[in-house]
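The values are calculated or read from the model by the stated rules, or taken from the named source; none is laboratory data. Note that this is a predicted model, so its numbers are computed, not measured. Every residue, glycine as well, gets a Cβ built from its backbone with ideal geometry; the counts of neighbours run over all protein chains shown. Each accessible area value is taken on the protein alone, full model and side chains, heavy atoms only, with ligands, DNA and RNA left out. Shrake-Rupley method; radii C 1.70, N 1.55, O 1.52, S 1.80 Å.
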Amino acid sequence: MRFWTTVAILVAFLTGCTTTQSTPQPYKPSTYNVSSAQKGNQKSTVTYPGSEGAAPTITGKVIQQQPKATPQQEPATPYAETAISSTTLAMATPTPSTGVEATPMTPTPEVSEEKEGALSVASPMPKPLNDDSTMIKVAVLIPQKTIKKYAISTVNSVMSYLLYKNYYFDLNVFNSGDEREASIVQALNDIKAGGYRYIIAPVTNEGAVIIANNVHDTLVFIPTLNKSAVSITNANIVFGGIDYDKQIALLTEKANEKVGTFEDGSALSSQLNTLVRQHNSRVFYEKRVENSKANFKGMFKGNGSLNNASFYLNTPIVTSSLIASQLRANDIQAYALLSSQINYNPLLLTLTQYEDRNRLYIANSIQRAPSGLEEINAMFGHDIVYDWVNYSTSIGADFVCSNFFEGRVARAFKEPMIDNQVAYHTSLYQAGRNEFIRVTP
């Protein structure tokens, strides 16, 4: 009997010692994420977050709008699995203030433990500069079939910037699918119906012309084109594309009088070749290399006329790396290898040996962005350090927000806008052993 009494007391004691308490849940800001899986190009923006009649904010929850069933569905397109449907994305920052200037916050009781065991107060989240009554409404118009991989990364670049600045915003994605006039016009009509004052549109020349003919009272930023590449005089359109003409002119300073070019037949490659001919009086060699499986040995072996020539690599990074390697492998000593922005990529340092690229000069127009902005972009799986389209898109978001606040907030980027075009500072870099080294201011 004494044995069972002892066991009962022991069980009761252990039960009391192992009683658990519910773990406090981490703080979650209020968010909206209303998406549509409909087959159409645009989603109705009648009840997007921030509009009249929109549902109230539900803290810590995600509201998912389900598409209505349709009697018949169209056959899936080749982009069906990865296609971006028109999606409203809005961030409701907690406890917003209505002023333009940020106000200090009382430190929160959150603490973190240092290595020595000391406790320090965590940095508080700054208050946003606006609220739902002064929400920044930005539309991103993307022809996904045309711009392909940049359909997602440009949207993420805009999102990253808005999160970095802690603005209260309404971001809506309008996927026109292609750049046919009917598709672009339909997207513009939906954007206008939603009341969006700003549009960021990564389009080609064809799409830019259609937008210019149909937009008259909305600010449009096109990150993919330089103003010199299109004949558009619409004062509402601002361009963010880099200046390849300026880059080729700067590279010419490192070339001698004996010039050759490599290109792959693409539109950009042809454009760069034309610029090379404009800036160099003697182009004695032009070769098309359409892919990395070209017969480089037959191209270079015994071709002594290529010695001491300056070669412009107007080809993608893999092809450019092979050309640089095969020139040296076939005992051709180039005077200089020259490339524009298209080969400013750390992958080049991996694909080539140092001896292959020690005479390589690359023109670059990307400057360092704020480290916090670079980190947020990295969280989305892409960078604005080497990818100029994402970098240009970030500048576009910066310009749009500066316009929204009428210049009362500091811009994150230093590039000025001159005659509706981002004015980039271009420098020359050499591909060193482990990094790109700037050789001109």
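Worth a mention:
- Subset tally (residues that are open to solvent by less than 40 Å² (accessible area, probe 1.4 Å), within 25 Å of TYR168 (Cβ to Cβ) and among the hydrophobic types (A, V, I, L, M, F, W, C)) for segment 375-398: 4
- The numbered conditions (1) within 23 Å of SER340 (Cα to Cα); (2) open to solvent by less than 50 Å² (accessible area, probe 1.4 Å); (3) among the hydrophobic types (A, V, I, L, M, F, W, C) are all true for VAL439 except (2).
- Scanning segment 388-411 for residues that are touching an Asp or Glu at 6+ places or on another chain (Cβ under 8 Å) and at pLDDT 95 or above yields a total of 2.
- Applying the condition of being polar (S, T, N, Q) and open to solvent by 40 Å² or more (accessible area, probe 1.4 Å) to segment 214-271 and asking which residue is farthest from ILE317 (Cα to Cα) yields ASN214.
- Criterion (among the β-branched types (Val, Ile, Thr) and either closer than 25 Å to ASN377 by Cα or open to solvent by less than 30 Å² (accessible area, probe 1.4 Å) (or both)) met by exactly one of VAL173, VAL185, VAL209: VAL173
- The number of residues in segment 368-397 being assigned to a loop (DSSP other than H, G, I, E, B) and among the hydroxyl-bearing types (Ser, Thr, Tyr) comes to 1.
- Number of residues in segment 344-367 that are assigned to a strand (DSSP E or B) and either surrounded by fewer than 17 Cβ atoms within 10 Å (Cβ to Cβ) or not hydroxyl-bearing (Ser, Thr, Tyr) (or both): the value is 4.
- Checking segment 211-225 against the condition returns no match, with no residue being of a type in the set (Gly, Ala, Ser), touching a Leu at 6+ places or on another chain (Cβ under 9 Å) and in contact (Cβ under 8 Å) with a residue 12 or more places away in the chain.
- Of all residues in segment 400-420, those satisfying the criterion of being surrounded by fewer than 22 Cβ atoms within 10 Å (Cβ to Cβ) and within 18 Å of the chain's Cα centre (by Cα) are ARG411, ALA412, PHE413, LYS414, GLU415.
- Candidate set from segment 281-299 (those that are out of contact with any helix residue (DSSP H, G or I) (no Cβ under 6 Å at 6 or more places or on another chain) and open to solvent by less than 40 Å² (accessible area, probe 1.4 Å)); member that is modelled with the lowest pLDDT: ALA294
- Beta carbons closer than 8 Å, at least 6 apart along the sequence or on distinct chains, pair a first residue in segment 412-441 that is farther than 25 Å from GLY372 by Cα with a second that is open to solvent by less than 50 Å² (accessible area, probe 1.4 Å) and of a type in the set (Val, Ile, Thr) for ASN420/ILE237; ASN420/VAL238; GLN421/VAL238; LEU428/ILE362; LEU428/THR440; GLN430/ILE362; ALA431/THR352; ALA431/ILE362.
- In segment 237-291, residue nearest to GLN367 (Cα to Cα) [restricted to those that are of a type in the set (Gly, Ala, Ser) and more than 27 Å from the chain's Cα centre (by Cα)]: ALA255
- Which numbered condition GLY372 misses (of (1) small (Gly, Ala, Ser); (2) open to solvent by 30 Å² or more (accessible area, probe 1.4 Å); (3) within 26 Å of the chain's Cα centre (by Cα)): (2)
- Screening the candidates LEU272, LEU313 for the property of being under 21 Å from ASN358 (Cα atoms) and modelled with pLDDT of 95 or more yields one hit, LEU313.
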